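The values are calculated or read from the model by the stated rules, or taken from the named source; none is laboratory data. If you're wondering where the values come from, they're calculated on a predicted model, not measured in any experiment. Note that we place each Cβ from the backbone using ideal geometry, even for glycine, and neighbour counts take in every protein chain shown. Ligands, DNA and RNA are excluded from the accessible area calculation, which covers all protein heavy atoms including side chains. Shrake-Rupley method; radii C 1.70, N 1.55, O 1.52, S 1.80 Å.
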Amino acid sequence: MISKKNFFKLYVILGFVSWVLLTIINLTMLVGEESGINFGIPSSFNDLLFALLCASIFLIFKLEIGSRGEEGFTELLWKSFITSSVALLVLLLIKLFYSFIENTNLAENSVVINFFYHLNALFLLIMLATTFFLFKRMILFQKNKLLAQLWLAYEVLMGLCVLSSFFDLAFTDKLFLILFFPLLAFSIYISINLKWIAYLTFKQKWQSIILLFLILAICLTFLQYLYDKSINNYLILDVTGNLFVVTVFSFTIGYCIISVLVLLFNLPTSSVFEKKFNEVLNFQRLSQIVQIGQEESQVYEVLFEGSLGTVQAVGGWLEVFDDKGNICAFLSKNIEQDVAIKIKSFFRKNDLDASKQTTYIKDILTMKYFEDIKKLNFKSFLVMPLQTYNQNLGILTLVSDVREGFDNEVTNIVETYVSQASVTIHNARLIANAIENERYKEALKIAERVQQSLLPKELITNQYFETAAFCKSAEEVGGDYYDIHQISNTKFALIIGDVSGKGTSAAFHMAQMKGVFQALIQMNLTPEEFMVYANQALSSCLEKTTFITLTLLLVDVENRKIIQARAGHCPMLYYNKILNKSYFVTNKGLGLGIIRNNSYKNFINNDVIEYNSGDCLVLYTDGIMEAKRTDNEEFGEIRLQSSIESCYNSSADEIIKTIMKNVYAFAGNEQMTDDCTLLILKFV
């Protein structure tokens, strides 16, 4: 497949060769006519060469400037003026040359006259081709499908007009006028699309008026030159009788006149447009202002509708992502979600990543795999990411049913919309998160107060024993639980438990455990029976991955004995004063909720301990034992035993303080990674 660059080279060579051959052959024929010699060159060959010259020059500039670029409208007019000025300079240099040979035979030489006429014709065609395609880009600004089709038809007609070279026509011929005036009317009709003028500032409008006046003056100068030569000299090539040249010439002059008039009429409104345009550009400055209470979805709607209207897109969609990158909102117009997925698949096949920068597909026919979406009748796409602080908030995709359907000016406005909306969405989320965090903190404070209310406010101390407790959650709330309850004058129940996990979930299950304890303890059950009933009650409400470890003691002060059942909890540490040593009471037991059927009773049993005055028992949760220092070594059983053996003569409160002092000293700080609970019972 021949590339665009190779086509360009081919047209340049074809144009140059056509002009050289045309000039040589025409001058040779002219010499032959003056000398009475017939070289036998048919006139149709000259007509073919001139047609090839016109076609090649126009195809050169169609490739070079016919497609949409990034220049502004005044830059386009400057290009047209510069090209026209070069053509005028050649014309003036030729006139200067004639001024030096004015009174010589050379000035009247028909060969010299026709040679310079051919040279001027070449630069005239270059000027007309440049201006034609530069004006095309201005006419097709914000084009719709109908306008694009009309311009295509106009270009086809101009191509057919090139064939008029084969007909010996004069401007005054009836056939010429019959063909010319409909073409002139068509030229005027498509020239009235002047939307680009509204996007010019006051200064740019004045610049455009001046440039258009200069281009018009150059065109009129050439028109005068062609008319004079056609009237006063014998020309073997007379472009005034060529329908193609005259039509393009008329189009150029007509578009200049119409544009100047519209610009003059629009000058009074320039300041209003500039104000509105600056307001759009200032959107980003207002991006820090987020109205409290405004829904984030309203930002999506304003962005999407505003973008569609600005670029006059036939459809599109907006995807908004949450903080995890999942689509949290999808807005669309004239495009269903399954169609959007198909188009995104086309983007991925072409390795297009619109998540980081704006992607503009001017014509899908230039892309690979365009057959995948050809039936959708979309010709061009504009894809913009919603980004802020390196975070991808979403993607805006706009579609057009014409090639090159999005202009640089309106694209810049949409980019401003997107930028402002991105910051607004980001700020709205920050505010929402801040509000949510405050609500969460307040909820945690309430939960903390509720949990504290679930723990006993006062412990039982009497002539038989004294008690003390310590409980601290790793977070605001936790899953550790302890309680003490007087069953009768001589019987007391102590319980300590630990819900798997931490935080609010564990705290919720801890509250359930308290309810179960308060209900079952009234039923005069043994610790073993208590565990079986508690397992049945909790199995139906605990999550499958959640379980509770528990130790329950029934203290019978009349018979001076303790009945214990342990449901997978940390073994009780017991200090025997008579033996003057401490040991861990390990009996079998499985956590509540691990086995959720009647077989659970096979994994639990009672253990009886007889106590003496001065004995002390320590109930605790695993947060005490698993307290770590920097080298990850745990506090452990030995240190806990050493702590109780060093202070068993102290009161229950002092024992608590001593143990926790040792734990904190070992860990190096008072911030524990797990919930910590201690319950001390010292017999009097």
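Taken about its Cα centre, the stretch 472-512 carries a charge dipole of roughly 140 debye when the Cβ of each Lys and Arg holds +1 and the Cβ of each Asp and Glu holds -1.
Which of the helices in the chain meet the span-like rule: DSSP H, Cα axial reach of 20 Å or more, Kyte-Doolittle mean at least 0.5? Helices passing the filter in the chain: 4-35, 43-65, 73-100, 110-139, 145-161, 174-191, 202-232, 243-266.
Which residues does a label at Phe265 reach in the stretch 110-149, if reach means a backbone N under 19 Å from a point 7 Å past the Cα toward the Cβ? Answer for this model: 139-141. Descending by average beta-carbon neighbour count within 10 Å, the peptides 370-381, 466-477, 220-231 line up as 466-477, 370-381, 220-231, the highest first. When the inverse distances between all different Cα atoms of the stretch 468-570 are averaged and flipped, the Kirkwood radius reads 14.1 angstrom.
Are any of the pairs Lys349/Lys374; Lys502/Lys657; Lys502/Lys544; Lys4/Lys349; Lys9/Lys375; Lys491/Lys661 more than 26 Å apart by Cα-Cα distance, and if so, which? Present the calculation step by step, with values, prior to reporting the outcome.
Numbers: Lys349/Lys374 15 Å; Lys502/Lys657 24 Å; Lys502/Lys544 16 Å; Lys4/Lys349 24 Å; Lys9/Lys375 34 Å; Lys491/Lys661 32 Å.
Checking Cα-Cα distances, Lys9/Lys375; Lys491/Lys661 exceed 26 Å.
Within the same chain, aspartates and glutamates fewer than 8 places from Lys628 are excluded, and of the rest, those with a Cα less than 15 Å from its Cα are Glu637, Glu670, Asp674, Asp675.
Average 1/r across all pairs of distinct alpha carbons in the stretch 194-257, invert it, and you get the Kirkwood radius: 13.6 Å. Amide H contacts of Gly589 (H built 1.01 Å from N, in plane; Pro and chain starts excluded): Gly568 sit under 5 Å, all sequence-distant by 5 or more or on other chains. If you take the alpha carbon atoms of the stretch 95-154 and fit the smallest convex hull around them, that volume is 86 Å³ per residue.
If I compute solvent accessible area with a 1.4 Å probe over the protein chains, what percent of it on the chain is carbon and sulfur? So the carbon and sulfur contribution to the accessible surface is 58 percent. Charged side chains reduced to their Cβ positions (Lys and Arg at +1, Asp and Glu at -1) give the chain a dipole of some 800 debye around its Cα centre.
List the GluC sites (Glu not before Pro) in the stretch 504-547 that DSSP assigns to loop (not H, G, I, E or B) and whose Cβ has at most 13 other Cβ atoms within 10 Å. Which are they? Please report the intermediate quantities before stating the final value.
On the way: sites: Glu528, Glu529, Glu543; in loops: Glu543.
Hits after loop and neighbour filter: Glu543.
Cα-based values for the stretch 1-153, radius of gyration first and Dmax second, are 19.1, 59 Å. Calculated FRET efficiency, Ser650 to Asn437, Cβ-Cβ distance, R0 = 60 Å: about 0.90 to the nearest 0.05. The accessible area of Arg403, taken with all protein chains in place and a 1.4 Å probe, comes to roughly 110 Å². Summarised in one figure, the compactness ratio Rg/Rh of the stretch 477-534, Cα atoms and Kirkwood Rh, is 1.01. Ligands, DNA and RNA are left out, and with a 1.4 angstrom probe the accessible area of the chain is 49 Å² per residue. Taking a Cβ cut-off of under 12 Å around Phe7, the surrounding Lys, Arg, Asp and Glu residues balance to a net charge of +3, with basic ones at +1 and acidic ones at -1.
Per Stokes-Einstein, at 25 °C and 0.890 mPa s, what whole-number D in µm² s⁻¹ belongs to the stretch 516-625, with the Kirkwood radius over Cα pairs as the hydrodynamic radius?
Details: Rh = 14.8 Å.
Once the numbers are plugged in, D ends up at 166 µm²/s.
Compactness ratio for the stretch 351-429: Cα radius of gyration over 2.2 N^0.38 Å (N = residue count) comes to 1.20.
A value for semi-axes √(5λ) of the Cα gyration tensor in Å was derived from the coordinates, and within the list [x] 46, 32, 27; [y] 56, 33, 18; [z] 100, 23, 21 it appears as [z]. For the stretch 111-258, the Cα-based Rg and Dmax, in that order, read 16.5, 51 Å.
Loop-located chymotrypsin sites (Phe, Trp or Tyr not before Pro) across the stretch 607-670 with a Cβ neighbour count of 15 or fewer within 10 Å are lacking, with loop assigned by DSSP. Here's the list of aspartates and glutamates a cross-link from Lys441 could span, going by alpha-carbon distance under 17 Å and ignoring same-chain residues fewer than 8 apart: Glu475, Glu476. Measuring against 26 Å, Cα to Cα, the residue pairs Lys577/Lys601; Lys62/Lys229; Lys5/Lys79 contain Lys577/Lys601; Lys62/Lys229 as the ones spanning a longer distance. Express the Stokes-Einstein translational diffusion coefficient of the stretch 339-484 in µm² s⁻¹, to the nearest whole number, given a Kirkwood radius over alpha-carbon pairs, 37 °C and a viscosity of 0.692 mPa s. Once the numbers are plugged in, D ends up at 159 µm²/s. For the stretch 437-502, the share of alpha carbon pairs falling in successive 10 Å distance bins from zero is 17, 43, 25, 12, 3 percent.
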